[in-house]
Every structure is written in C-alpha cells, then in structure tokens.
1. Filter region 155-175 for residues that are surrounded by 10 or more Cβ atoms within 10 Å (Cβ to Cβ) and not hydrophobic (A, V, I, L, M, F, W, C) and give the result.
2. When you scan region 34-76, how many residues do you find that are within 9 Å of the ligand (Cβ to nearest atom) and under 18 Å from residue 113 (Cα atoms)?
3. Output the residues belonging to region 85-124 that are without any contact (Cβ under 8 Å) to a residue 40 or more places away in the chain and not in a loop (DSSP other than H, G, I, E, B).
4. Check whether at least one residue in region 100-112 is over 16 Å from residue 41 (Cα atoms) and either surrounded by fewer than 20 Cβ atoms within 10 Å (Cβ to Cβ) or among the small types (Gly, Ala, Ser) (or both), and report yes or no.
5. Tell me, which residue of region 76-97 that is hydrophobic (A, V, I, L, M, F, W, C) and closer than 18 Å to residue 28 by Cβ is farthest from the chain's Cα centre (by Cα)?
6. Does residue 65 satisfy the criteria of being within 23 Å of residue 89 (Cβ to Cβ), part of a helix (DSSP H, G or I) and not polar (S, T, N, Q)?
7. Does any residue in region 158-171 that is in contact (Cβ under 8 Å) with a residue 60 or more places away in the chain come within less than 9 Å, Cβ to Cβ, of a residue that is part of a loop (DSSP other than H, G, I, E, B) and not aromatic (Phe, Trp, Tyr) six or more places away or on a different chain, and which pairs are these?
8. If I ask for residues that are in contact with a Leu (Cβ under 8 Å, 6 or more places away or on another chain) and of a type in the set (A, V, I, L, M), which ones from region 123-161 would you list?
Amino acid sequence: MLALRVAYIFLALLVITKRTSANLNKQKAPITVTDGNWTNVLDGEWMLEFMAPWCPACKSFTEVWREFATWGHDLDISVGVIDVTENPGLSGRFLVTSLPTLYHVQNGEFRRYTGARKTTDLISVIDEKKWADIEPVAWYRDPKSVQMGVLSSFFKAAMFIRGVYSTMTNVYGIPEWLCYVIFAILTILVGLILGLLLVLCCDNFFPAKYIPLPPERLAHKPSDDREDDTDIIDDTADGQKLSGESIPEAKENSPVNPQSNDSDLRKRQSKNAD
Ligand SMILES: *[C@@H]1O[C@H](CO)[C@@H](O)[C@H](O)[C@H]1NC(C)=O
C-alpha cells in the first residue's frame, strides 16, 4: 500500500516536471524579428542578436542565445534574433558590421553590447542593469532615424540587385560580362531619366526668368566675340544684383541702336541654350 502511494507520488512528480519543462520549451525560441515588424522592438525591453546562417561564430553562439531566451520571461525582456541574410534592411539600419552583433533595446534606446557572451554574463547584464553603463548609439546612427531608414533602403536595393544578378547568371545562364554590360546600360539609363526628371522639376518650380538689361548696358558696343562672352558673365552678375530693382518694361524693349539690339538678341539666345 505504502509502496503504491510512493510510486503514485513519484509518478505525479514526474508528470509535473515534464509539464514544466514543456512550458519552458514553449518560451524557449528567440523571437524572429524581420524587416517588416522590427518596430515591435521599440516597445519594452529587448535583447537582439544579428546573425547569419553561414557565420561560424553565430553557429556556436546559437545554443547560448537559445538558453538565454528561456530566461526572457523571468527577466521580463524579449529576446529576438535577426537573420541578416533575409533582412538586409535591418543590417543597414543597425549598421551591422560583424556577426553575431548584440543590441540591447530599452523603450527605443539602442545600445550595442560587446561584453562577455556566456549565458550567465547575458543574464547579469539584464538582471544587474549593466547595460545602463553602455552609451546609447549616437543620434546619427539611431535605427529609428530617417537617414538610417534611407541606408536600410540602399541595403535592400543592393540585395535586390544581387538577387537579380544571381538569377540572371544561375537561372538564365547569362555570362558574367553581359550582366555587367546590362547593369552599366541600366545605370546610365536610370541616371539619364533621373537627370531629366530633375531638370523638369527645376523648370517647373524655379522657371528661368529673363533678367532685363540695365539701360546703360544696352548702349555699350561689344567690339569682338571674346568681349561679348565676358559681357554675358558680367550681365548675369549685374542682373542678380539688380533683380531686386524694377526696370520699366518699355525701356528694356526700346531700341537704343540696332547693333546693341543685336547683341541683346544673342544674349537671349545663349540664355535659351542653357
Ligand atoms: C515578425 O514576423 C515573424 C514572421 O512573420 C514572426 O515569426 C515574429 O514573431 C514577428 N516578430 C515580432 C516581434 O512581431
């Protein structure tokens, strides 16, 4: 009878232990953070690991990070992991230059952790608030900032182009040199289109104004072409000075003498050519 009771209690204990470890297993895995949902780390306290499947140092660190993640609940933090090969935007945003890189995040304040990396070390960083001794990342490197967002897009674009390149070579069997030629032509085309758009925008928002000549310049007779050229430069400088003053329209159009009118026309033409 007693033996049965002992056996029963033993069995019950076994079941309870199993259940607890099963619960632990549920919390075990670090939370995946992606390009799309990284802003979730701005809420609360996080420890983030940036890793890549190909990096040997990350492989040996995986077990430590998984064990640390099981402490997340007790420490009241979230433990996240970011695969930089799948989320190039985040590797740009956090300027990840070595792997694995660890970040501590507290209410949107980012600190790069470079200290000891055993599970116990990591736990004490949180438990004893050792992270507070680390300087937060400077404003210009803040992952929330606009400029890091731009950098993130560049990283994404670079990764996209790399993807296109490997598709071209591996799937379509396009030779490497032809890929480079295609990319060079595309780059020039994109540059031309962007340049054209820029010119159109400028013309739209800052239309070129005809700056009227001051009357005393109209009387001036240029003797040769070279002098005429310097005249144009002078004219622009004067024109800028004079842009504030108002010059009567009638004066501008009234012919002082035919020759100066001719030079005026030439200046107009050269302006239009711009
Ligand atoms: C982000 O998305 C991934 C996959 O879509 C998901 O597994 C993960 O839990 C999400 N992370 C956060 C912090 O919401």
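No lab work stands behind these numbers, since they all come straight from the coordinates. On a predicted model such as this, the values are computed, not experimentally measured, just so you know. Methodologically, a virtual Cβ is constructed for each residue, glycine included, from the backbone with ideal geometry; neighbour enumeration extends over all protein chains shown.
1. Scanning region 155-175 gives 156, 162, 163, 165, 166, 167, 169, 175.
2. 2
3. Quick first cut of region 85-124, residues without any contact (Cβ under 8 Å) to a residue 40 or more places away in the chain only: 85, 97-98, 109-112, 114-116, 120-121, 124.
Those that are without any contact (Cβ under 8 Å) to a residue 40 or more places away in the chain and not in a loop (DSSP other than H, G, I, E, B): 109, 110, 111, 112, 120, 121, 124.
4. no
5. The first filter runs over region 76-97 and keeps only residues hydrophobic (A, V, I, L, M, F, W, C), leaving 77, 79, 81-82, 84, 90, 94-96.
With closer than 18 Å to residue 28 by Cβ added as a condition, the list becomes 77, 79, 81-82.
Values: 77: 28, 79: 25, 81: 20, 82: 17 Å.
Filtering first and then ranking leaves 77.
6. Spelling it out, residue 65 is indeed within 23 Å of residue 89 (Cβ to Cβ), part of a helix (DSSP H, G or I) and not polar (S, T, N, Q).
7. Here the result reads 159/85, each pair linking region 158-171 to a residue that is part of a loop (DSSP other than H, G, I, E, B) and not aromatic (Phe, Trp, Tyr).
8. 123, 126, 148, 151
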